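First the structure, which I've put down as structure tokens, then a few questions once you've had a look.
The values are calculated or read from the model by the stated rules, or taken from the named source; none is laboratory data. Since this is a predicted model, take the numbers as computed values, not measurements. All Cβ positions, even for glycine, are placed from backbone atoms using ideal geometry, and neighbour counts span all protein chains on display. Side chains included, ligands, DNA and RNA excluded: accessible areas come from the protein's heavy atoms. Shrake-Rupley method; radii C 1.70, N 1.55, O 1.52, S 1.80 Å.
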Amino acid sequence: MSNKYRFTSEAADVLKNAKSVTYPKTRADLIELALNGEDQFTVSYEINGKKKDEAIITRVKNGAVINYVEPYMRRRDPDCLIIGDNEYTDKPRYSEMFDGEFADVRKDTFDWLKQQDLVVVPVLVGGDGIGYPAALIAPKNAAFFGLGLSDLQYFCNIDEYEGDFVPNVVIYLVPPFRHTHFDGKQVVIHNRTPECYELLAYNLYPGPSAKKGIYGFLLHIGEQEGWVAVHTSAVKIVTPYENEIVIMHEGASGGGKSEMSEHIHREPDGRILIGTNSKTHEEFYLRVEEPCELHPIADDIALCHPKIQNDSGKLVIKDVEAGWFVRVDHIKEYGTDPHLEKACLSPVEPLVFMSMDAHPNSTVLIWDHITDEDSGKPCPNPRVILPRHMIENIINEPAEIDIRSFGVRTPPCTKELPTYGILGLFHILPPALGWLWRLVAPRGHANPSIVDQGGMTSEGIGSYGYFLTGSIVKQANLLLKQVMSTPNTRYVLIPNQHIGCYEVGFKPQWIAREYIARRGSAQFRPESLTEARCSLLGYSPKTLKVDGQFVNKAFLAPETQPEIGLEGYDKGAEVLATFFKDELKKFIAPDLDPLGKQIIDCCMNDGTLQDYIKLIPIKL
């Protein structure tokens with residue numbers, strides 16, 4: 001072990017007493033460790049005297065493919081976060097969820113690790129400048145997990161690290177305990193100690209720990225220091241006329257964050273299929289001959305750290321990740337997204353893929369997803385980890401945000417089955433409503449990234465509530481402070497999947513992106529907008545013209561669709577309003593900002609759009 005490491009006494013004791021410890025120095029070392037030097041390697045553990053296969057790792061020409069044996073392990077369980085300490089939290093504690101004391105399972109964790117051949121993977125969360133040292137301690141046969149962590153965060157060659165490496169967060173990976181202690185469920189226990197932030201991960205899917213667990217650590221630090229790590233993507237858009245605008249797109253998993261930096265998906269003849277009527281099968285198309293140029297900034301998590309804010313009156317963000325965990329369930333055939341396909345088929349360095357059909361030494365195809373045996377359908381959460389340096393036109397510097405959008409997956413809506421799928425192609429929100437949407441953070445319809453719980457549910461405050469270990473009210477206050485201190489950042493709301501009875505996929509945000517970018521920083525003229533029939537949806541554009549073509553009114557005002565009508569729309573609005581009121585109750589507390597209480601009261605009393613604007617004026 002390098003003498004630069006400064007672990008806690010418990011971590012040092014585990015490493016001192018383990019059967020062996022491997023310290024990889026390069027990414028190439030990690031790839032070979034992940035595959036155990038073979039072309040295909042099965043990660044297995046002994047559970048109650050029987051061998052249990054967990055994952056199959058396959059060497060392919062363009063990288064390594066991880067396929068979990070159980071379909072349940074191929075996406076994140078949203079309820080896996082458990083608190084092990086006694087600090088304040090809104091989340092369930094170990095003592096409330098399980099028999100026994102957390103100290104006992106923590107001791108069992110360390111004792112099990114001491115009996116294993118281990119690997120230690122050091123990373124720097126956030127990279128240089130605003131970086132936090134972190135380390136993974138894992139069984140050596142699960143080195144693939146360390147490979148994924150090193151690509152998502154910033155891998156450190158410990159010999160090149162300046163000074164002592166003192167981890168602020170340590171991930172302990174113990175896969176068998178999922179079966180022996182937690183009835184087969186994904187569990188990640190967050191333990192906030194004075195010395196470091198511990199993540200005890202009892203599953204092999206990296207989403208709850210290597211990604212969202214690290215996010216929980218950042219939220220914890222931000223809550224203590226007074227800043228927010230936002231759940232967002234961001235992209236700088238350059239129009240054919242050289243206008244520039246930066247859009248930050250927040251939302252729950254599946255809300256379109258990664259898609260905001262994707263090029264528009266087109267038909268073979270170059271047209272864009274806006275939507276298909278689910279009843280009549282009528283299709284509407286749009287032609288955009290010269291699309292905007294995209295410069296990605298962030299994909300999932302960004303820091304709003306005080307060190308990078310300025311006096312522009314706009315929010316400033318910086319990506320926190322070294323690699324992007326890109327879901328490719330929408331890539332169903334060759335040619336769907338040529339830019340992403342090219343990056344994955346012939347990468348400059350081997351990539352990490354998940355839930356793809358893989359054969360040793362073949363080329364994995366990102367549209368060839370494995371089948372979930374329990375459903376007989378393709379896995380809804382196939383992934384690839386794309387390092388930032390491989391992403392075309394990437395921006396590494398902090399970026400000022402012009403437009404702060406929020407994405408939500410919406411179900412089909414008809415008069416026979418009214419739902420909250422009443423959102424038009426996009427809506428302009430006053431800041432007070434922008435804040436409310438971030439509090440409520442609907443997860444939305446048919447989420448592909450998590451184990452589905454059915455119905456309309458919330459991802460929690462800021463759409464990062466499931467990763468938060470502290471106080472939702474403190475986060476609400478921080479988000480409101482952020483809104484008030486950045487008056488020159490504007491707010492929009494964009495649905496995906498459905499607009500009324502039309503199937504639209506992610507076309508609304510791609511079309512909105514093209515339209516908003518072509519407007520540049522120009523303000524919306526009040527006479528070009530109309531108040532949405534549901535006050536929670538702010539304004540809608542009266543008309544929308546992109547590249548000389550008007551978008552059909554049915555996509556701007558779903559109530560004009562004969563399949564919905566005013567009655568179906570209003571019933572859907574009731575569903576949305578009821579959901580908002582139910583979710584907002586949890587924020588009513590003595591320490592809530594007084595202005596925040598006024599905004600929530602406005603919603604509870606069915607306030608009008610103008611009522612929200614009186615609370616915080618809108619800059620159109």
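Please compute the modelled spin-label separation between Ser362 and Lys377, points set 7 Å along Cα→Cβ, answer in nm with one decimal.
Spacing of the two 7 Å Cα→Cβ label points: 2.4 nm.
Okay, moving on. Working from the pairwise distances between different alpha carbons, so that the mean of 1/r is found and then inverted, what is the stretch 546-620's Kirkwood radius in Å? Don't skip to the answer; put the middle values down first.
On the way: mean 1/r = 0.0663 Å⁻¹.
About 15.1 Å, per the Kirkwood formula over Cα pairs.
Between Rg and the Kirkwood Rh of the stretch 241-289, both from Cα atoms, what is the Rg to Rh ratio?
On the way: Rg = 14.3 Å, Rh = 13.5 Å.
Computed over Cα atoms, the ratio is 1.06.
Work out the length of the dipole vector of the stretch 39-116 about its Cα centre, built from +1 on the beta-carbon of each Lys and Arg and -1 on the beta-carbon of each Asp and Glu, and round it to the nearest 20 debye.
Numbers: 13 positive and 16 negative charges, 121 e Å.
Computed charge dipole of the stretch 39-116: roughly 580 debye.
Related question: Arrange the peptides 582-590, 422-430 so that the one whose residues have, on average, the most other Cβ atoms within 10 Å appears first.
So the peptides 582-590, 422-430, ranked by packing, come out 422-430, 582-590.
Pulled fully out, how much extra length does the chain show between Gln523 and Lys307, if you take 0.36 nm times their separation in residues and subtract their Cα-Cα distance?
Full extension of this stretch gives 74.8 nm more.
Tell me the mean residue ellipticity at 222 nm calculated for the chain from its helices only (DSSP H runs of n ≥ 4, each -39500 (n - 2.57), averaged over every residue, nearest 500).
-7000 deg cm²/dmol
Something else: Quick one: with all protein chains in place, what share of the accessible area of the stretch 260-299 is carbon or sulfur, to the nearest percent (1.4 Å probe)?
Carbon and sulfur: 47 percent of the exposed surface of the stretch 260-299.
Accessible area per residue, 1.4 Å probe, Å², for the chain: what's the number?
I get 37 Å² per residue for this part.
Mind listing P(r) for the stretch 461-620? All alpha-carbon pairs, 5 Å bins, whole percents.
1, 7, 14, 19, 19, 17, 14, 7, 2, 0, 0
Still on this structure, I have one more. Hey, got the Cα dimensions of the chain along the principal axes, in Å, largest first?
72, 57, 46
If you don't mind, there's one more thing I want to ask. Any idea how far apart Asn396 and Ser9 come out in nm if each label point goes 7 Å out from Cα toward Cβ?
Distance between label points: 4.1 nm.
Divide the volume of the convex hull of the Cα atoms of the stretch 356-445 by its number of residues and quote the answer in cubic angstrom per residue. Can you show the working numbers first?
Numbers: hull volume 18.4 nm³, N = 90.
It is 204 Å³ per residue.
Can you tell me how the stretch 206-357 classifies by the Cα gyration tensor, rounded, prolate or oblate, using a/c under 1.5 as the rounded cut?
prolate
Moving on to the next point. Could you order peptides 28-38, 187-197 by the average number of other Cβ atoms within 10 Å of their residues, highest first?
Put in order of decreasing packing, that is 187-197, 28-38.
Please state the Cα pair-distance histogram of the stretch 67-217 with 5 angstrom bins from zero: what percent is in each bin?
Percent of Cα pairs in each bin: 2, 9, 20, 23, 21, 15, 7, 3, 1.
If R₀ is 41 angstrom, what is the calculated FRET efficiency for the pair Ser44 and Asp159, using the beta carbon separation as r and rounding to 0.05? Don't skip to the answer; put the middle values down first.
Values: r = 33 Å, r/R0 = 0.80.
Once rounded, the FRET efficiency stands at 0.80.
Something else: Please report, to one decimal in angstroms, the Kirkwood hydrodynamic radius of the stretch 337-382 built from all distinct Cα-Cα pairs. Working shown, then result.
Numbers: mean 1/r = 0.0862 Å⁻¹.
When all Cα pairs of the stretch 337-382 are included, the Kirkwood radius is 11.6 Å.
If I take the Cα coordinates of the stretch 11-117 and project them onto the principal axes, what are the three extents in Å, biggest first?
So the three principal-axis extents are 47, 35, 32 Å.
Same structure again: Expressed in nm to one decimal, what extension gain is obtained for the pair Glu101 and Lys332 from 0.36 nm per residue of sequence separation less their Cα-Cα distance?
Once the chain is fully extended between Glu101 and Lys332, it gains 78.5 nm.
How big is the stretch 162-258 by the Kirkwood estimate over distinct Cα pairs, in Å? Intermediate values should be presented prior to the final figure.
Numbers: mean 1/r = 0.0618 Å⁻¹.
Radius from the Kirkwood sum: 16.2 Å.
I need the shape label for the stretch 1-51. Rule: rounded when a/c is under 1.5, else prolate if a/b > b/c, else oblate, with a, b, c from the alpha carbon gyration tensor.
Taking the square roots of the gyration eigenvalues as a ≥ b ≥ c, the stretch 1-51 is oblate.
Now for a different question. I need the calculated FRET efficiency for the pair Tyr88 and Asp183, taking r as the beta carbon distance and R₀ as 35 Å, to the nearest 0.05.
0.80
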